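Since the structure comes first, as structure tokens, the remarks are kept for the end.
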Amino acid sequence: MAITQAVCTSFKQEILVEGHNFTGSADTFKIALYTSSASLDASTTAYSSSNEVSDSGSYSAGGGSLTSVTPTTSGTTAICDFADISFTSATITARGALIYNSTNSNKAVCVLDFGGDKTSTSGTFTIQFPTADASNAILRLA
């Protein structure tokens, strides 16, 4: 099993046919956490609970809702960012995550590979998104 960071191929096609709306409250995007037993990569098409971390503290199946920052551009690159998200009072060991559109049939957007297991023990598990620019934004279309 492996988690490989990627923008999901199905997402690339879906944005060309208006399948996702990142502005305002149009669509709800969520992030689900996964164990090292998960298989997630560019071919992932939708959220699945298979090998998702167990419910703990404020984390429950399906993950948490993300606050989308209005898409913009940086140079010639279109970028999308999300506000950082935390799960409190949680005991979690996660190897990666899936951002998906729960408004649009739970369709996959991108896979995050944490590069190793990340753990919280009866504490706060935080996902901090990188700087929203052409080189670092979590979602970049060049």
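The values are calculated or read from the model by the stated rules, or taken from the named source; none is laboratory data. Since the model is a prediction, treat every value here as computed from it, not as a measurement. Counting neighbours? That spans all protein chains shown, and the Cβs are built from the backbone with ideal geometry, glycine included.
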(request) Please determine, by comparing only the residues of the range 124-142 that are under 21 Å from T93 (Cα atoms) and touching a residue at least 60 places away in the same chain (Cβ under 8 Å), which one is farthest from the chain's Cα centre (by Cα). (result) F125
(message) It is to be established whether one or more residues within the range 128-138 are of a type in the set (S, T, N, Q), part of a strand (DSSP E or B) and more than 18 Å from A38 (Cβ to Cβ).
(response) no
(message) Which numbered condition in (1) at pLDDT 95 or above; (2) closer than 24 Å to R140 by Cβ is the only one that F82 fails?
(response) (1)
(message) Can you tell me which condition C80 does not meet? The list is (1) of a type in the set (A, V, I, L, M, F, W, C); (2) within 30 Å of S122 (Cα to Cα); (3) in a strand (DSSP E or B), and all the others hold.
(response) (2)
(request) Would you mind stating whether S60 is of a type in the set (G, A, S), more than 16 Å from D113 (Cα to Cα) and crowded, with 16+ Cβ neighbours inside 10 Å? (result) no
(request) Give me the pairs, please: first residue somewhere in the range 60-86 and within 11 Å of I31 (Cα to Cα), second residue anywhere and among the basic types (K, R) and at pLDDT 95 or above, beta-carbon distance under 6 Å, and either six or more positions apart or on two chains. (result) G63/K30; S65/K30
(request) Could you figure out which of (1) surrounded by fewer than 21 Cβ atoms within 10 Å (Cβ to Cβ); (2) out of contact with any helix residue (DSSP H, G or I) (no Cβ under 7 Å at 6 or more places or on another chain); (3) in a loop (DSSP other than H, G, I, E, B) isn't true of S43? (result) (2)
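Filter the range 87-115 down to the residues that are among the hydroxyl-bearing types (S, T, Y) and touching a residue at least 60 places away in the same chain (Cβ under 8 Å), then identify the one that is nearest to L141 (Cα to Cα). Steps first, please.
Residues of the range 87-115 among the hydroxyl-bearing types (S, T, Y): 88-89, 91, 93, 100, 102-103, 105.
Still in the list and also touching a residue at least 60 places away in the same chain (Cβ under 8 Å): 100, 102-103.
On the way: Y100: 17, S102: 21, T103: 22 Å.
Only one residue tops the list, namely Y100.
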(message) Can you go through T103, T23, T93, T72 and tell me which one is in a strand (DSSP E or B) and farther than 21 Å from T126 by Cα?
(response) T72
